[in-house]
1. Could you go through the stretch 284-298 and let me know if any residue there is part of a helix (DSSP H, G or I), polar (S, T, N, Q), in the same structural domain as Val13 (by TED's automatic domain parsing) and surrounded by fewer than 21 Cβ atoms within 10 Å (Cβ to Cβ).
2. Going by what's in this entry, would Asp169 be described as surrounded by fewer than 20 Cβ atoms within 10 Å (Cβ to Cβ) and more than 16 Å from Ile136 (Cα to Cα)?
3. How do the pairs read when you match residues in the stretch 163-178 that are in contact (Cβ under 8 Å) with a residue 24 or more places away in the chain with residues anywhere that are aromatic (Phe, Trp, Tyr), using Cβ under 7 Å and keeping only pairs 6 or more apart or on different chains?
4. Looking at the stretch 264-285, is at least one residue touching a Lys or Arg at 6+ places or on another chain (Cβ under 6 Å) and in contact (Cβ under 8 Å) with a residue 40 or more places away in the chain?
5. Looking at Ala176, Ala160, can you tell me which residue is of a type in the set (Gly, Ala, Ser), in a strand (DSSP E or B) and more than 25 Å from the chain's Cα centre (by Cα)?
6. Residues in the stretch 199-211 that are assigned to a strand (DSSP E or B) and over 15 Å from Pro178 (Cα atoms): how many?
7. Restricting attention to the stretch 189-211, report how many residues are of a type in the set (Val, Ile, Thr) and more than 18 Å from the chain's Cα centre (by Cα).
8. Under the condition of being farther than 16 Å from Asp274 by Cα and surrounded by fewer than 17 Cβ atoms within 10 Å (Cβ to Cβ), which residue from the stretch 22-48 is nearest to the chain's Cα centre (by Cα)?
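The values are calculated or read from the model by the stated rules, or taken from the named source; none is laboratory data. Values in this document were obtained by computation on a predicted structure and should not be read as measured data. Here the Cβ positions follow ideal geometry from the backbone for every residue, glycine too, while neighbour counts run over all protein chains shown.
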Amino acid sequence: MSLTFRQLKDGPVARAAGMDVESCDFLQICRDAVRQLMTRGDFWSDVVPVDCCVCVRGELVWPRGVSTILAMNVNGEPIPLANRWYNFRPMNETHYQWGWDYQRRGFRGNITGETNGVSPVFNQITSPGFKIRTFISNPNDVGKKITYCGIDKNGQVARAQRDDGTWQDGFQVTLANPYVDSPEMQRVTRVVKEETFGYLNAYQYNIAQGFLLDLAQYQPSETNPEYIVTKIVGHQSRYPFGAAGWGNGFANVNALVKLNFIPFKFDDDPVQIDNVDAIRDMVYSIRKKDQGDLGASVAYEASAVRELNRQAESKMPDDTMVIENRTFGGAIPHRRLF
C-alpha cells in the first residue's frame, strides 16, 4: 500500500468531499469510503501475501488488519483451512494414514489450518513469574492508560482496586518514560488502551532472571486489539513441532489473506484502498446517500467498484491458468492440484 491520508487531501477526493481537508468530517468520510469499499469484494490492495513462521506451540497469531485467511502453505505444501466446526466433524480415514514419505523425506498425514479464536497479544504468556513491561515510543503518551486483563500470578482473574474503592477487571497501568511494569500475570485475555501518538512495545518481563520476551506491539489507533489465531492441527498432534522434518520447532508459512479496515488518522498513515479514483466515487456515493438520492448513490458505488476491478486487471492482465492438455496422456488432474 503506497497511498497515504495526506494524498487524499489534495486532488479528486478532496474535491468530491467539498469540505475542509483538515476537518474531522473529511477524515470520517474518507474512512467510511475506504471501509465500505473493502467490504465490496476482494481487490488488488486488500488481498495480500504474508510470510511468517509458526511458533513451537503450533499457533500463528496474524497481524492487525488480517480479516480472513484465504489460502495457506506450510513448509511449501498447500493445506486445507477450517474453522471451529472442524472439531465437530467426523474424521476421514485418511486423517490417520501416518507413515514416512521417502519422496518428501518427512511424515505424511493431513494438516489443517484451523481458526482458533482471537488473541490480544502475539506471543502469549504461558507460565507465572512474568510482569508486562510496556515501552512508549512518543513522549506525548506519558500519562495515558492501558489495561491488561487476564489471569494473575495466583491463577485468578486479574482485578485491581480503583481509587474510589471499587474493583475493576484487569491491571491498569499509566504509561511512563521509558516504560512501566504491570503486576505479575500468567495469561493475557484482553487489552484496552487509549489512542496514542506512537507505538507501544509490550514485553514479558521475567522477574527472577530479568530477561524480556516479545508480547505485542500496539499501533497508535488500536484501542481493543484482537488478532486472529490459526492453529496448525493434524500433523503435529502425533509428531510435534521440532520433530523430524519440522525444522527445530518452526514451520515456514505462506498465506494469502484478506485485510480488514484499519482506521487512519495522521497524514502518513496508509490507506488500504490504493486507488484514488475509487475512493473519490465512493465519497460521492456516501454524499448522495446522505442527501437521499439512492439512485445516484448506487451508481457512484458501482463506478467505484469498476475502478477497483480495472486496477486489478491492469496489475494482473493474465487471469488464466496454463493447462497442458494431453488427449491421450496419462496425467491425473489431482497430481497437478486441480
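1. Yes; the residues of the stretch 284-298 include at least one that is part of a helix (DSSP H, G or I), polar (S, T, N, Q), in the same structural domain as Val13 (by TED's automatic domain parsing) and surrounded by fewer than 21 Cβ atoms within 10 Å (Cβ to Cβ).
2. Here the answer is yes, as Asp169 does meet what is asked.
3. Correct list of pairs: Phe171/Tyr148; Pro178/Phe135.
4. Checked against the condition, which is being touching a Lys or Arg at 6+ places or on another chain (Cβ under 6 Å) and in contact (Cβ under 8 Å) with a residue 40 or more places away in the chain, the stretch 264-285 yields at least one hit.
5. Within the list Ala176, Ala160, the selection yields Ala160.
6. Residues meeting the conditions: 2.
7. Residues flagged as of a type in the set (Val, Ile, Thr) and more than 18 Å from the chain's Cα centre (by Cα) within the stretch 189-211 amount to 2.
8. So the residue we want is Gln28.
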